[in-house]
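Since every read-out is calculated from the coordinates, none of them should be taken as a lab result. As the structure is a prediction and not an experimental result, all values here were calculated from the model. Cβ coordinates were reconstructed from backbone atoms using ideal geometry, including for glycine residues, and neighbour counts include every protein chain displayed.
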Amino acid sequence: MSDNKAKDLIGAIKNKGKSLESEMSFFDHIDVLRKHLLRALLVIVIFTASAFWFYDFIFNTVIMGPKSPDFWTYRMMCKLVAAFPSLGADFCITEIKGKIINTEMAGQFTLQINSCIMTGIIFGIPYLLFELWLFIKPALHEKERKSASGFVFFASLLFLIGIMFGYFIICPLSINFLTNFSVSPMIENTFTIDSYLSSVATLTIGTGIIFELPVVIYILSLFGIMTPAFMRASRRYAVVVILIIAAVVTPTPDMMTMLVVAFPLFLLYELSIFISAGIERKRNRELYGTSTKPKE
């Protein structure tokens, strides 16, 4: 065997070794991620089990709250009518029509399980974000760690605000509209409990996820994928997308409800532009010593 062939063979073995090493490293990362996700899943299971203990309060007070005319949102709407009569008497909601029934033999049993799982997921998401942060943190540089140190707090705060907005604003408005909507007086509105729980969960958790928009923009801006200039130029398209999202999140043709949902999304988009601009200014100061990129 010639020297050249021997060198080629040795080089191939070294390259193969590097390839195996990189593959092992990749699977090592997957294993670490799996451990983080398992811990987050354990916390969600604990919250789910705890929900069974407090189920009477969770179901009767929380889940069924938007179906009761004594719900906080309806009482505040009636107080607004008393303070501003020009809103009209219809704005004050004193009755939520529509009957909720169970049509499956195991319906109420699965209802309890599903609602407890939903509760566990809602309370467990902040810890899931914390575990994801622990997984990503070692791969970041010191400056990146400092700049992203409040990721879990702000992401959890935005999710909580979204949950509260969805529960206290979107849910009652949508439920009131859907339970009172009728195409004919001959048709009585009777809803299954699964349909009701699905609507409450979708509107609440969906709004919480949508409120994570500034966090998503922050991450994309750190990687240079999103820029404030692009977001400002795309503002008119963003308005259309936000209105579409609001229409999907609120399953009602009521324009007022859709605008109530769309307004905070507009604010979140503008906040995202502000965050992206701050990251760009910081990056330019580090690269060029000024907050703006020099013209070429």
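Residues whose amide H comes within less than 5 Å of that of PHE191, counting only those at least five positions distant or on another chain, are LYS99, ILE100, ILE101 (H built at 1.01 Å from N in the peptide plane). Across the stretch 96-106, coupling constants 3J(HN,Hα) worked out from phi with the 6.51/-1.76/1.60 Karplus curve, θ = phi - 60°, read 10, 6, x, 9, 9, 10, 10, 10, 10, 4, 9 Hz, and Gly and Pro carry x. Phi angles of the stretch 179-185 translate, via the Karplus equation with coefficients 6.51, -1.76, 1.60 and θ = phi - 60°, into HN-Hα couplings of 6, 9, 6, 8, 8, 7, x Hz per residue; Gly and Pro are given as x. Annotation: amide H-H contacts under 5 Å for SER68 (H modelled 1.01 Å from N, sequence separation of 5 or more, or interchain): none. Highest-first packing order for the peptide set 222-232, 29-39 is 222-232, 29-39, based on the mean count of other beta carbon atoms within 10 Å. Peptides 125-135, 51-61 ranked from most to least packed, by the mean per-residue count of other Cβ atoms within 10 Å: 125-135, 51-61. Computing FRET efficiency as 1/(1 + (r/R0)^6) for CYS92 and GLN112, where r is the C-beta to C-beta distance and R0 is 25 Å, gives about 0.15.
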